[in-house]
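Please read the structure below before turning to the comments.
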Amino acid sequence: MASRSLPFTQLLGLLSFILLLVTTTTTMAVRVGVILHKPSAPTLPVFREAPAFRNGDQCGTLEADQIHIAMTLDTNYLRGTMAAVLSLLQHSTCPENLSFHFLSLPHFENDLFSSIKSTFPYLNFKIYQFDPNLVRSKISKSIRQALDQPLNYARIYLADIIPSSVDRIIYLDSDLVVVDDIEKLWHVEMEGKVVAAPEYCHANFTHYFTKAFWSDPVLVKVLEGKRPCYFNTGVMVVDVDRWRKGMYTQKVEEWMTVQKQKRIYHLGSLPPFLLIFAGDIKAVNHRWNQHGLGGDNFEGKCRTLHPGPISLLHWSGKGKPWLRLDSRKPCIVDHLWAPYDLYRSSRHSLEE
């Protein structure tokens with residue numbers, strides 16, 4: 001039987017219908033007559049596989065031997081996180097004892113899990129969902145947009161998210177590298193304090209709080225009798241058990257509520273920590289946070305290293321080493337970060 005071809009107008013209509021059907025089914029989900037857009041997956045950078053490190057001959061395998069480290073997983077800072085993890089493994093005497101607790105926003109954990117697993121096949125880690133609605137209504141605009149992201153506040157809820165069996169954890173930002181054995185920091189004697197971190201006393205707190213704070217006699221009393229000591233919350237050892245018992249998550253939230261009402265500070269999540277813990281933390285050696293390498297929060301100008309020994313380099317501030325290296329306008333200190341960069345660029349692909 002001879003085949004019969006469809007008229008051109010009918011064929012055009014059929015092709016249009018098929019195209020519409022394919023587009024609809026691949027980009028949308030239909031439920032009870034309502035069209036719901038699926039969350040788009042982030043475009044993550046591709047990383048080279050890190051080597052497996054086995055640095056020590058006598059490393060315990062018990063739960064008590066585990067060193068718990070918490071970090072956030074931000075798709076914009078993932079390159080920094082990968083470099084930080086590599087530095088931790090490379091300089092640890094017992095890298096197999098490092099247990100990582102990553103906090104990420106919902107919807108992206110599968111892509112992030114695959115990225116970490118392919119880069120560090122032997123890494124002991126778990127990813128936890130952080131609900132941004134916990135803080136979205138509590139965040140006040142600060143001097144830099146990056147400080148206003150919900151994940152920047154995830155450290156406040158760390159004790160509520162990680163397993164209750166974990167009673168101590170090291171929280172680290174994603175813009176740093178560790179050039180010493182992290183076990184040395186892990187075993188710091190807390191002396192009954194909730195937080196341990198490098199401490200910088202004789203700080204000028206007028207820089208951290210607004211006139212609305214200093215003109216309020218009730219608020220000012222909070223700092224009366226306290227030593228004016230600053231610490232950077234990007235590197236902290238936290239007694240999670242004491243944090244939970246002291247209900248410190250709620251205490252930080254209370255200050256965020258005051259900030260919403262009166263705007264008593266300019267920075268993001270740091271000032272509430274100072275209002276609660278300033279002068280009352282366990283001070284550790286400054287070598288564990290050579291911070292400020294990203295420059296100031298406005299221009300990100302280059303800074304030099306502080307004198308003294310170094311165990312941790314921290315690019316806090318506006319400038320990030322991977323961005324400055326890619327733009328071919330790096331600061332001198334950015335070359336100290338570069339050896340830990342696992343990013344697989346087109347240049348690396350050609351070399352391989």
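Brief remarks on what is shown
- Rg/Rh for region 74-128, where both radii come from Cα atoms and Rh is the Kirkwood radius: 0.95
- Added length on full extension, which subtracts the Cα-Cα distance from 0.36 nm per residue, residue 329 to residue 224: 33.3 nm
- Computed P(r) (all Cα pairs; region 46-147; 5 Å bins; percent): 2, 11, 20, 22, 17, 12, 9, 5, 2, 1
- Of the residues 260, 251, ranked by 1.4 Å probe accessible area with the largest first, the sequence reads 260, 251.
- The loop-placed trypsin sites (Lys or Arg not before Pro) in region 175-240, going by DSSP, that have at most 16 neighbouring Cβ atoms within 10 Å of their Cβ come out as 226.
- You can think of it this way: the chain between residue 216 and residue 131 has 27.3 nm of extra reach, that is 0.36 nm per residue less the Cα-Cα gap.
- Solvent-accessible surface ranking, highest first, for 59, 201, 331, 302 at 1.4 angstrom: 302, 201, 59, 331
- Under the simplified labelling scheme, the residue 160-residue 46 pair shows an inter-label distance of 4.0 nm, with each label point 7 Å from Cα along Cα→Cβ.
- Greater than 26 Å apart at Cα, pairs in 251/301; 226/251; 211/251; 262/320; 193/251; 184/221: 251/301; 262/320; 184/221
- Accessible area, probe 1.4 Å, largest first, for residues 327, 345, 87: 327, 345, 87
- Surface composition of region 192-312: carbon plus sulfur atoms hold 54% of the accessible area, using a 1.4 angstrom probe and ignoring ligands, DNA and RNA.
- Convex hull volume of region 219-322 per residue (C-alpha atoms, cubic angstrom): 137 Å³
- The residues of region 191-345 present an accessible area of 48 Å² per residue when probed at 1.4 Å with all protein chains retained.
- Stokes-Einstein diffusion for region 137-284, with the hydrodynamic radius set to the Kirkwood value over Cα pairs and evaluated at 4 °C in a medium of 1.567 mPa s, equals 80 µm²/s.
- Under the convention that each Lys and Arg Cβ holds +1 and each Asp and Glu Cβ holds -1, the size of the dipole of region 158-255 around its Cα centre is about 460 debye.
- Loop-resident sites, region 62-137, for chymotrypsin sites (Phe, Trp or Tyr not before Pro), counting at most 15 other Cβ within 10 Å (DSSP): 122
- Three-way shape label, region 208-251, alpha-carbon gyration tensor, a/c 1.5: prolate
- Among the trypsin sites (Lys or Arg not before Pro) found in region 100-139, those both in a DSSP coil and sparsely packed, with 14 or fewer other Cβ atoms within 10 Å of their Cβ, are 136.
- Overall, the accessible surface of region 86-132 at a probe of 1.4 angstrom is composed of carbon and sulfur to the extent of 51 percent.
The values are calculated or read from the model by the stated rules, or taken from the named source; none is laboratory data. Owing to the predicted nature of the structure, the values given are computational and were not obtained by experimental measurement. When we count neighbours, we look across all protein chains shown, and the Cβ atoms used for this are built from the backbone with ideal geometry, even at glycine. These area figures cover heavy atoms from the full protein model, side chains too; ligands, DNA and RNA do not enter into them. Shrake-Rupley method; radii C 1.70, N 1.55, O 1.52, S 1.80 Å.
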